[in-house]
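Just below is one structure, and these are the notes that go with it.
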Amino acid sequence: MTEYAEVEVLRVYCGESDRSDGRPVYEVIVEEARRHGAAGATVLRGVLGFGAGSLVHTAKLLRLSEDLPMVVEIVDRPERIDAVLPRIEAVIRGGLITRQSGITARFHCPVRVRDVMATTVATASRDTPLPVVMDMLVSHDNKAVLVIEPDGAVAGIVTGGDVLMRGGMAARLSLQDILPEDIRKNERDKISGRTAGEVMTSPVVTINDRTSLRDAAQLMTGKGLKRLPVVDAAGELVGLVSRVDILRAASDLAPSAQALPRFTAGLFQQARDVMITDVPAASPDTPLHQVVAAIVASPLRRVVVVDADGTVRGIVLDSDLLRRCGPARKPGLVEALFSFGKPEEAGACPTGSAAEVMEPNVLTIHEDATLMEVLQKMLAAKVKRLVVVDDAGKLLGMVDREAILRVIAGAR
């Protein structure tokens, strides 16, 4: 049976003749609701009523029929009501707004991009200095800045990957704050004088706000993208949807899995079905230079530390290395990890062993766990990958976000 979800009802009472910038208020409200991702809005035209001023409006009197009472009703999830309400309040100059909670509803349509997208998007122009864009990338959750033309068209998108590939930086965004001060300054100097237009990805792949999340997942996996600008039917930018938005929606819909089988059914596969088995591993006494070499050589950017029988004892990430190594060893470590695009120029890697820098508290998941369980644990811990183990805690593989998104897209 289809499950019911918690919703709220927002009602806006106004007059038919009420205007906002020359347009009927009820039209402006519906437009704002659509632009900010509301599931839908309905305008009801009354036949009789009066407001605070006690003026009776009725369809029976032809001379008053041009100012009949109007009600705009929006039914959506509480968080979507929270998002659209400030815009509606800015439009209303009179009338009444009510909000009713404690209601459940059954939706017969698939979950769409507009239901989960971020409506607040970081934007820049082509001429925006790249250091400014970098600050925006670090401060925004979706880790993307859209480059907008003067006419409002989306010219391109800048992500951390664009800054690495075209901006000349060596360390990804998440590592910038833990680099030594001199190295961080060197990284910033590389992008000084450059602009968003020089490094952006263009043209941009966009997605319509009414697209289903399954189709959005297929587009992302097919194009190798993590984020998509969202446009409405008129081609206007209305938001940004990310991979994690889709994954979070899948997790939230776990109780309603039967209602949305095409979107969630694949998530009842087990971790072993999609795990990566080629996972770099090391023993606790593996020399640090070998650990670093394994991290650099693997797209997973981490090494699992295991004992002689394969039991997981710890994990080493490049971020862990930078945090745990002292000042004396850190410069050589930075060179070994990044070499600033020129591995042959890397200096000597610091001495030590895996045991000295590993994180002993490893986030693991059992091989029999469903992908829904994997996803929920990832989101709760705010990590991109989990180590897969057997009953004895021995290393079997790793599951990442990309694998789960492919399942949602129907690619596995």
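Tabulated results
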{"quantity": "In region 134-202, the trypsin sites (Lys or Arg not before Pro) that fall in loop regions by DSSP, at most 16 other Cβ within 10 Å", "calculated": "Arg172"}
{"quantity": "For Gly49, residues with placed amide H under 5 Å, excluding near neighbours", "calculated": "His57"}
{"quantity": "Packing-based order for 210-217, 12-19, 356-363, using average beta carbon neighbours within 10 Å, highest first", "calculated": "210-217, 12-19, 356-363"}
{"quantity": "Set of region 69-96 residues, backbone N closer than 15 Å to the point 7 Å along the Cα-Cβ line of Glu236", "calculated": "87-88, 91"}
{"quantity": "Using a Förster distance of 35 Å, the FRET efficiency for Gln100-His140 (Cβ separation, nearest 0.05)", "calculated": "0.60"}
{"quantity": "Where labels lie 7 Å past Cα in the beta-carbon direction, separation of Ala392 and Ser298 in nm", "calculated": "2.1"}
{"quantity": "Phi to ³J(HN,Hα) by Karplus 6.51 cos²θ - 1.76 cosθ + 1.60 over region 310-318, Hz, x for Gly, Pro", "calculated": "x, 6, 5, 10, x, 8, 10, 10, 4"}
{"quantity": "For region 109-230, with +1 on Lys and Arg beta carbons and -1 on Asp and Glu, the positive-most of Ile178, Asn142, Leu130 along the dipole", "calculated": "Asn142"}
{"quantity": "Under the Karplus curve 6.51 cos²θ - 1.76 cosθ + 1.60, θ = phi - 60°, whole-Hz ³J(HN,Hα) for region 9-21, x wherever Gly or Pro sits", "calculated": "10, 10, 10, 10, 9, 8, x, 4, 8, 4, 10, 9, 6"}
{"quantity": "Full-stretch length increase - Lys190, Gln269 - with 0.36 nm per residue and alpha-carbon distance subtracted", "calculated": "23.9 nm"}
{"quantity": "Met165-Asp278 FRET efficiency (beta carbon distance; Förster radius 22 Å; 0.05 resolution)", "calculated": "0.35"}
{"quantity": "Residue pairs, from the table Lys143/Lys185; Lys185/Lys394; Lys226/Lys377, whose Cα atoms sit over 30 Å apart", "calculated": "Lys185/Lys394"}
{"quantity": "Solvent-accessible area per residue for region 89-155 (1.4 angstrom probe, square angstrom)", "calculated": "54"}
{"quantity": "Estimated vicinal HN-Hα couplings, Hz - region 115-130 in sequence order (Karplus 6.51, -1.76, 1.60; Gly, Pro = x)", "calculated": "6, 10, 5, 7, 8, 9, 10, 6, 10, 8, 9, 4, 8, 4, x, 4"}
{"quantity": "Amide H contacts under 5 Å for Ile365, placed H, 5+ residues apart", "calculated": "Val387, Val388, Val389"}
{"quantity": "Rough spin-label spacing in nm, given labels placed 7 Å along Cα→Cβ, for Glu79 and Val47", "calculated": "4.2"}
{"quantity": "Long-range amide H partners of Ser283 with built H, under 5 Å", "calculated": "Val306"}
{"quantity": "Burial ranking of peptide ranges 154-164, 121-131 (average Cβ count within 10 Å, highest at the top)", "calculated": "154-164, 121-131"}
{"quantity": "Coil-residue GluC sites (Glu not before Pro) of region 167-260, DSSP, other Cβ within 10 Å capped at 16", "calculated": "Glu236"}
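The values are calculated or read from the model by the stated rules, or taken from the named source; none is laboratory data. From a predicted model like this one, the values you see are computed outputs, not experimental measurements. Cβ atoms come from the backbone with ideal geometry, glycine included; neighbour counts cover every protein chain shown. Areas reflect the complete protein model, heavy atoms only, side chains present, ligands, DNA and RNA absent. Shrake-Rupley method; radii C 1.70, N 1.55, O 1.52, S 1.80 Å.
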